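Below: the structure, in structure tokens.
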């Protein structure tokens, strides 16, 4: 019975070395009661295996949750560069072009991390940077597989609340329900 509970409480980080997975699992558990310990465990995993993309994910997530947005941004940018390297893409996401099929593996991770960057920029009150990232995501993931449209809706809500009317690329519709175009097809 205990084995079933332990198995159910673990997170599937994919194909990572056993020692890195152990550190990540310990970090997840530690985060519930000791955020500093979780950070230390995740950083230990990063030092041991900087090519493991799941480690960056854990670090930028906990720092975003904690409101340590400068640190979250730094780690997400590092993770984005590593994911791009592994996907065979250039380091500058502005220059990325849509592939024929939706990417998997490191490419998927790169797009997911790009979505995280949009959210972090939004939380840092940097709407222009968030919009730039969202625009690129619309180009790279027009179907919205990674869920970037959720961040776009949050950005629209923030813009609507701040502006209460018509903005450069935003409008608030009747009842203050946000609507944003972000120069992105498919978002209404």
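We did not get these values from a lab; they are worked out from the coordinates using the rules stated. Everything numeric here is computed off the predicted structure, so don't read it as measured data. Note that each Cβ is placed from the backbone with ideal geometry, even for glycine, and that neighbours are counted across all protein chains shown.
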Inset, instruction - Starting from the Cα of residue 37, step 7 Å along the direction of its Cβ; do the same at residue 11; then give the gap between the two resulting points in nm. - result: 1.6 nm
Legend entry - Cβ crowding within 10 Å averaged over residues, with 145-158, 23-36, 71-84 ranked highest first: 71-84, 145-158, 23-36
Legend entry - Distance (nanometres) between label positions extended 7 Å along Cα→Cβ at residue 48 and residue 124: 3.0 nm
Inset, instruction - Quick one: check the C-alpha center-to-center distance for region 14-41 versus region 77-153, whole angstrom. - result: 25 Å
